[in-house]
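Below is one structure; the comments refer to it alone.
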Amino acid sequence: MEMEPVIGLEIHAQLNTRTKLFCACPTEFGAPPNTNICEVCTGQPGALPRMNGRALELAAKAGLALGSRVNERSLFSRKNYFYPDLPNGFQTSQLDPPICEGGGLEIAADDGSPKLVRLNRIHMEDDAGKCIHDEARGISLIDLNRAGTPLIEIVTEPDISSAREAVEFLKKLHGLLVRLGVTRGRLEEGEFRCDVNISLKPRGASELGVRGEIKNLNSFRFVGQAIDYEISRQGAVYSSGGKVLQETLHFDSVRGETRSLRSKEEAHDYRYFPQPDLPPAEVSPDLLARLRQELPENPEDALARLLGSGLKEEQARLILERRGALDYFDACVVAGAAAPRAASLMLELFLPFCQKEGVSPLESAFGPDLMARLAGLADSGTLGRRKVQELSERMFREGADPEKLTRDLGLSQISDEGELMGMARRAVAESPAEAAKYRAGQDKILSFFVGRLMKLSGGRAEPRKAGELLRAVLAEIPDGGPGGGADGGEGARP
Ligand SMILES: [Zn+2]
């Protein structure tokens, strides 16, 4: 019997706040144990929690960006369980209603078609502390610095069908939340981690199989490996006629396999009850409207907009990929640059320079207004391609004004026809043998004359116009003979 995997994810993202969810302790990572704690986050009797307003805004913003319904009022509950690193004896979380419900994120399915992974909900909760097991001394220690750190938990519907889809979803979600500033998203510090629910069912069946829950994966690679391992493990259990148990699993990344942590045979009862110490979390319509305005454009809309402004698809994609590039590009256009020119200067010269120097585009000394003026000099033909290239490094490094630099260095391109015509005549007159060859039909000689003319102009002639004028001069009948032009003939002898 062919089986298909059914996968749902629960993602914990640490909200990007300076202080904890219900007290003023810093959320900073790596402080000495038990230094960022107070009576609230260590669960002292009588200490009262106070809601962190920024955490609430960030949670609502995540919901808006993911197309969820943001509830005007959501409630905190106590989720009761005992664990040594949970000083209150309960986690403060949200059961009903959570801050956000519904929504989703589109990915490419395994067959390449677009697929919406629906969200069930997003709720807020506080993190637990950490147990540190000191095996040498045979003791366990508890660090409560992390206790009370604000999290959102994003719960998907079981819409995912493979490890690849899960990883794509997570990368996309991670990118979106980091771009929004909802989380810093540092995986190695556990700021973005994921539980995977996974079961197999006969292909096409509507009833779900018994699922395993793989806990706390904090790398995209491990998510992929853990899912692939679990699909084959459960598949093997079914094909040998066994029963898959409902259990909580740990992924051992060294051995590349999942291990059972505990059985979940009995449905757990956390005895949720309303947290009496906290009022409902409120997101007013005004706040929601403000948050909506702060949302960045979603990537699909941004791509369409860039294509609409005359960029090639590859240019648009490159600009969207590079962090800070879209903001810089938009600022250039606002400052008056033509979009295609701004894009090509950015991609060919400016972004490679930023990358080499390790600066983000908007932090560079070469601001969008200067870029717009450089684009103008290129568009008007004042500066040729080579000159732009020659100047660019100096401009980017020093934030030098491109117009002033062009004047000071006498670099402006010569496009004046009279001036160029004089040079074209001189170039032709100085090389009669080559002129004869051209007139005898060797068209390629034209580039020789363009080179001569460029030299006469000190590299400042506009190449296209120079070529045109040279062609006209060479087509003229030379002194001492009839004919001329590319069809040559006898007159080609000077
Ligand atoms: Zn505290």
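Every read-out reported here was derived from the displayed coordinates using simple, explicitly stated rules and does not represent laboratory data. Since we're looking at a predicted model, the values are computed, not measured. Glycine gets a Cβ as well: all are built from the backbone with ideal geometry, and neighbour counts include every protein chain shown.
What does the charge count near LEU180 come to, summing +1 for each Lys or Arg and -1 for each Asp or Glu among other residues with Cβ under 9 Å from its Cβ? Don't jump to the answer; show the numbers that get you there.
On the way: positive: LYS61, ARG179; negative: GLU294.
That works out to +1.
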Original post:
All other residues with a Cβ under 15 Å from the Cβ of HIS133 taken together, and with Lys, Arg as +1 and Asp, Glu as -1, what is their net charge?
Top reply: -2
**OP:** Take every Cα-Cα distance within the stretch 3-286, group them into 10 Å bins from 0 onward, and report for each bin the whole-number percent of pairs it holds.
**Re:** 6, 27, 34, 24, 8, 1
**OP:** Would you calculate, for the chain, the mean residue ellipticity at 222 nm contributed by helices, counting each DSSP H stretch of 4 or more residues as -39,500 (n - 2.57) and dividing by all residues, to the nearest 500?
**Re:** -11500 deg cm²/dmol
Original post:
How big is the charge dipole of the chain about its Cα centre, in debye rounded to the nearest 20, if each Lys and Arg gets +1 on its Cβ and each Asp and Glu gets -1 on its Cβ?
Top reply: 860 debye
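Quick one: CYS38, CYS194, fewest Cβ neighbours within 10 Å first, how do they rank? Can you show the working numbers first?
On the way: CYS38 15, CYS194 26.
Ordered by Cβ neighbours within 10 Å, fewest first: CYS38, CYS194.
Calculate, for ILE142 and ARG292, the FRET efficiency according to 1/(1 + (r/R0)^6) with r their C-beta to C-beta distance and R0 41 Å; round to the nearest 0.05. Mind dumping the intermediate values first?
Details: r = 41 Å, r/R0 = 1.01.
Working from the Cβ atoms, E equals 0.50.
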Subject >> Between the stretch 18-84 and the stretch 233-289, the alpha-carbon center distance in angstrom >> reply: 20 Å
Original post:
What is the order of SER392, SER232, fewest Cβ neighbours within 10 Å to most?
Top reply: SER232, SER392
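Hey, how much of the P(r) for the chain falls beyond 29 Å, as a percent of Cα pairs? Can you show the working numbers first?
Working: 79398 of 121771 pairs.
So the pairs more than 29 Å apart make up 65 percent of the total in the chain.
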Subject >> Solvent-free Debye scattering, log10 I(q)/I(0), computed from the Cα coordinates of the stretch 323-393 at q = 0.11, 0.15, 0.20, 0.21 Å⁻¹ >> reply: -0.22, -0.41, -0.74, -0.82
Subject >> With Cα atoms, 0 to 90° folded angle of helix 285-294 axis to the chain main axis >> reply: 40 degrees
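What does the extension gain come out to for ARG397 and ASP443, with contour length at 0.36 nm per residue minus their alpha carbon separation? Working shown, then result.
Numbers: separation 46, 0.36 × 46 = 16.56 nm, distance 4.22 nm.
Full-extension gain reported as 12.3 nm.
Using the beta-carbon distance between ARG203 and LEU116 and R0 = 22 Å, what value does 1/(1 + (r/R0)^6) give for FRET efficiency, to the nearest 0.05?
Values: r = 21 Å, r/R0 = 0.94.
For R0 = 22 Å, the calculated efficiency reads 0.60.
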Subject >> Residues of type lysines that LYS444 reaches as a straight line, Cα spacing below 20 Å, ignoring anything fewer than 8 places off in the same chain >> reply: LYS455, LYS465
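Taking the Cβ-Cβ separation of GLN246 and ALA365 as r and a Förster radius of 56 Å, what is the calculated FRET efficiency to the nearest 0.05?
The value I calculate is 0.40.
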Subject >> Residues of type lysines that LYS115 reaches as a straight line, Cα spacing below 17 Å, ignoring anything fewer than 8 places off in the same chain >> reply: LYS171, LYS172
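Can you tell me the alpha carbon radius of gyration of the stretch 175-281 divided by the globular rule-of-thumb value 2.2 N^0.38 Å? If you can, show how the numbers build up before the last one.
Numbers: Rg = 17.4 Å, N = 107, 2.2 N^0.38 = 13.0 Å.
Ratio of Rg to 2.2 N^0.38 Å for the stretch 175-281: 1.34.
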Original post:
Counting DSSP beta bridges in the chain, what percent are antiparallel, to the nearest 5?
Top reply: 90 percent
Subject >> Separation in nanometres of the label points that stand 7 Å from Cα toward Cβ, at SER380 and GLU417 >> reply: 2.0 nm
**OP:** Compute the long axis of helix 446-456 from its Cα atoms, compare it with the longest principal axis of the Cα atoms of the chain, and write down the angle in degrees, 0 to 90, nearest 10.
**Re:** 90 degrees
